[in-house]
2 protein chains.
Amino acid sequence: MKKLMNNADDFVKEMIEGVYLANKDKYEYVPEINTLYRKDIPANKVAIMQGSGSGHEPAHIMSVGKGMLDAACPGAVFAAPPMNYVYECTKKIATEAGVLHIINNYQGDKMAWDMGREMAEMEGIKIGTVIVNDDVSVEDSLYTVGRRGVAGNFFVIKACGAAAEKGASLEELVALGEKVVSRVRSMGMALTGCTPPAKGTPIFELADDEIEMGIGIHGEPGRRRVKYRPIKEIVKEMFDAVANDVPFKKGDRVAVMINGMGGTPISELYIAYREAALLCEEAGFTIAKNYVGNYCTSLEMAGFSLTILQLDDEIEELLNEPAEIAIRVF
Amino acid sequence: MKKLMNNADDFVKEMIEGVYLANKDKYEYVPEINTLYRKDIPANKVAIMQGSGSGHEPAHIMSVGKGMLDAACPGAVFAAPPMNYVYECTKKIATEAGVLHIINNYQGDKMAWDMGREMAEMEGIKIGTVIVNDDVSVEDSLYTVGRRGVAGNFFVIKACGAAAEKGASLEELVALGEKVVSRVRSMGMALTGCTPPAKGTPIFELADDEIEMGIGIHGEPGRRRVKYRPIKEIVKEMFDAVANDVPFKKGDRVAVMINGMGGTPISELYIAYREAALLCEEAGFTIAKNYVGNYCTSLEMAGFSLTILQLDDEIEELLNEPAEIAIRVF
């Protein structure tokens, strides 16, 4: 295992410190609970937080900023945050308008967030929860009852984050988040596995001529292992699985995301986007917004996921609102 | 070799088509010369272009946009564009104010751009040239007389792009570009090699316990191969090489970039940034701007480079001007 790190134990801590050092003007940092939160959360705004396992960056620790998350409190690599992180982080950012928990659907996360929520509610904090489960690859999974939450999570944060800035109530945000979840679907694939720092060996291995369709972001088994093949065939299989699920229909305005798994160069992601754009055109979907890059990764895994979100006027408008996170070009 | 592509021959073409399909509202696309250019180049503005080999994305084909490049005309993967790409692209975007060629210092590129420039000048187009050579790793290199041009290139484009939007003349832009070049230094390292699509095998290989310090972005040999070691030691060696070169001095305001080589997850890049930020503090440099992400890559190579730019008021102001390229988060 070769990684840019000092040692496996400090991987998450030093990553978060790096994000903090790069954004000291914007964030408060509480190392004891792996938490970054916005310095300037408006007192009358619902505060939004998330924190699943680390290793999926920019989700979630690098997605804190105006119009997105107000705080993140990730656990170790591929491990849910302990319940006290959830509890303490909730207390730090709570406003009179309440706190929205956005949770990706994994059993470990749900347990930590259920308990953290209960602890915070006992202190009178008003909390709403949205569960993200956009991955169509498999029903029930290694760490999931029901579908997994993956890159579609970004759209739930973006829509709720923008609406919260505009003054939406906690109840309105829960309803909005659930609407986005009902309209967003994803599927991923892997060319390679990845190596968690503390483990030191790959979570799974694929042969030189083998890929896995429907992979999870923690290496959970997908739908099937197949021979390496042209991107056209890969995107077609993913597109059909995603588009037939909501189902999306001719005439829909959609947002399309090609999300890199962490180790895939942007050149290849645009080659995949090209295939998705051609398929959308063929299916009669209008791509109103596109997203190509790393949004929800699995360490250095090579591969990508396809996410399609069915827009309506409200969601499209919210996606167009300004927002900022740690990740930026300029 | 497993890549998200249909076949090696179409790699660059389909990547550029993908970028175009994702940004049809902003770009014109001329497939015959691998060229994307801005639809809205102001008639009285100096037009800025670049185009080295492909495989370094987002440099250069994904760096076209307001306040950055007006056009890019890359060659095949790790191959300079043919001279006629340079010539034709120059003609497409030429304005009365002239055209600025920003070239990374490789012999192949210089030859193509010298000839392309000559052809365009014969038609009365006014052209200025800036050569970027920020890599302190080695003097003269496999494909270079003098130092190589790497990620520092981003700052030359950003500064000249912003100044051009504000009405700077061609002569002023050449002087500004040369000033940025005189103040920016970089050094890279690799954990792994990478595989050009047409070659199908890695350009070099590193053992499981081996890294290469001072690597070039086409796999050119660096300073030395050493045993894998903690990031603290890696960044220290790079920092010393970079900071002692200009040389930077206590009290300087600087921009710091941690540039991923293509296959490195953003988590590891922030761990590297943390080390660089601590060293800057120790050295008495004030980091006025920071950049962590993929700016000048080498396909799926794992590794990173450190770039430090010595700011003055003019450059700092230009870095803060608005700009946009194909790569974006929202």
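The values are calculated or read from the model by the stated rules, or taken from the named source; none is laboratory data. Computed from a predicted model, the values in this text were never measured in an experiment. Note that each Cβ is placed from the backbone with ideal geometry, even for glycine, and that neighbours are counted across all protein chains shown. Only protein heavy atoms, including side chains, enter the accessible area calculation; ligands, DNA and RNA are left aside. Shrake-Rupley method; radii C 1.70, N 1.55, O 1.52, S 1.80 Å.
Laid out as a table, the results:
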item: Inter-residue pairs, beta-carbon under 9 Å, first at positive phi and in segment B:303-330, second modelled with pLDDT under 95, 6+ apart; result: B:Gly303/B:Ile215
item: Filter result (touching a helix residue (DSSP H, G or I) at 6+ places or on another chain (Cβ under 7 Å), within 7 Å of chain A (Cβ to nearest Cβ) and touching a residue at least 40 places away in the same chain (Cβ under 8 Å)) within segment B:258-272; result: B:Ile271, B:Ala272
item: Any hit, segment B:172-182, residues being open to solvent by 10 Å² or more (accessible area, probe 1.4 Å) and over 18 Å from the mean Cα position of the chain (by Cα); result: yes
item: Scope segment A:244-265; condition touching a strand residue (DSSP E or B) at 6+ places or on another chain (Cβ under 7 Å), surrounded by fewer than 23 Cβ atoms within 10 Å (Cβ to Cβ) and either within 26 Å of A:Lys3 (Cβ to Cβ) or at pLDDT below 95 (or both); matching residues; result: A:Asp245, A:Val246, A:Phe248
item: Whichever residue in segment A:43-60 is away from every other protein chain (no Cβ under 14 Å) and either aromatic (Phe, Trp, Tyr) or out of contact with any Gly (no Cβ under 9 Å at 6 or more places or on another chain) (or both) and, among such residues, is nearest to A:Asn294 (Cα to Cα); result: A:Gln50
item: Boolean, A:Tyr20 is surrounded by fewer than 24 Cβ atoms within 10 Å (Cβ to Cβ), modelled with pLDDT of 95 or more and either under 22 Å from B:Leu278 (Cβ atoms) or not assigned by TED's automatic domain parsing to the domain that holds A:Thr129 (or both); result: yes
item: Hits in segment A:303-329 - residues which are over 15 Å from the mean Cα position of the chain (by Cα) and at the interface with chain B (Cβ under 7 Å from one of its Cβ atoms); result: A:Ala323, A:Arg328, A:Val329
item: Unmet requirement for A:Phe248, which otherwise passes all of (1) on the phi < 0 side of the Ramachandran plot; (2) within 8 Å of another protein chain (Cβ to nearest Cβ); result: (2)
item: Sole residue being in contact (Cβ under 8 Å) with a residue 12 or more places away in the chain, open to solvent by 10 Å² or more (accessible area, probe 1.4 Å) and among the aliphatic types (A, V, I, L, M), chosen from A:Ala120, A:Ala94; result: A:Ala94
item: Exclusive hit being outside any helix (DSSP H, G or I), open to solvent by less than 10 Å² (accessible area, probe 1.4 Å) and either in contact (Cβ under 8 Å) with a residue 60 or more places away in the chain or not polar (S, T, N, Q) (or both), set B:Pro42, B:Pro81; result: B:Pro81
item: Complete set of residues in segment B:177-231 that are part of a strand (DSSP E or B), of a type in the set (Val, Ile, Thr) and under 18 Å from B:His56 (Cβ atoms); result: B:Val184
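Listed here are the residues, each with its yes/no results for (1) under 18 Å from A:Leu309 (Cα atoms); (2) open to solvent by 40 Å² or more (accessible area, probe 1.4 Å); (3) under 13 Å from the mean Cα position of the chain (by Cα).
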| position | (1), (2), (3) |
| --- | --- |
| A:Asp114 | no, yes, no |
| A:Val136 | yes, no, no |
| A:Glu139 | no, yes, no |
| A:Leu142 | no, yes, no |
| A:Leu191 | no, no, no |
